[in-house]
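For reference, the structure discussed in these notes is given below.
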């Protein structure tokens, strides 16, 4: 599975909270829930099918995300921080009476920039992150009680676009992201 690229497209609803009360610098925390699906390129899919012993199609799963950003006022809408994200796939039927599950996790350094308002946590934004990611594929054949596990570890790259609706001390965001894992080990 060399040069494996795994992409996750996610729609995440994010609740944002402002923690810092300084006039110059604020710390923002995020918690997000959403849905996503692994998109596996053909060579990686063939490698996984050989390793796991059957064919499959990844299903849609649930996303969970947490992040924090530090945004000094003079950065004009830019925040830098860290983000952890996981996609937990629901079981999907495959060949040979098997169920397949695909999970993905990443921990990354992140940036978010509010393009039009130039005020953090208000309006249209773009975001990105760079960090560590792990993709896990599992196969379970209940009739033979056979369980197989395959994983890939690599560099995670994320790009996204969203919109934040601010409230008094919280906000609600809707976001779409594209995430790619560049495999370095399996």
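None of the figures in this text is laboratory data; all of them are computed from the coordinates on show. Predicted, not measured: the structure shown is a model, and the values here were computed from it. We place every Cβ from the backbone using ideal geometry, glycine too, and count neighbours over all the protein chains shown.
Key figures
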item: Between 0 and 90°, nearest 10: helix 42-52 axis offset from the chain longest Cα axis; result: 60
item: Calculated FRET efficiency for the pair residue 39/residue 172, C-beta based, R₀ 35 Å, to 0.05; result: 0.80
item: Label corresponding to Kirkwood radius over Cα pairs in Å when calculated from the structure given, among [x] 17.0; [y] 16.1; [z] 17.4; result: [z]
item: The stretch 84-178, relative contact order in percent, only Cα pairs under 8 angstrom and at least six apart counted; result: 24
item: Ranking of 112, 122, 168, 76 by count of other Cβ atoms within 10 Å, fewest first; result: 168, 76, 122, 112
item: FRET efficiency, residue 24 to residue 93 (Cβ-Cβ, R0 45 Å, nearest 0.05); result: 0.25
item: Chain lengthening between residue 62 and residue 109 when straightened (0.36 nm per residue, less Cα-Cα); result: 14.7 nm
item: Per-pair calculated FRET efficiency, R0 = 25 Å: residue 124 and residue 80 via Cβ, rounded to 0.05; result: 0.85
item: Taking the chain and dividing mean pair separation by its residue count, relative contact order in percent (alpha carbons under 8 Å, at least six apart); result: 23
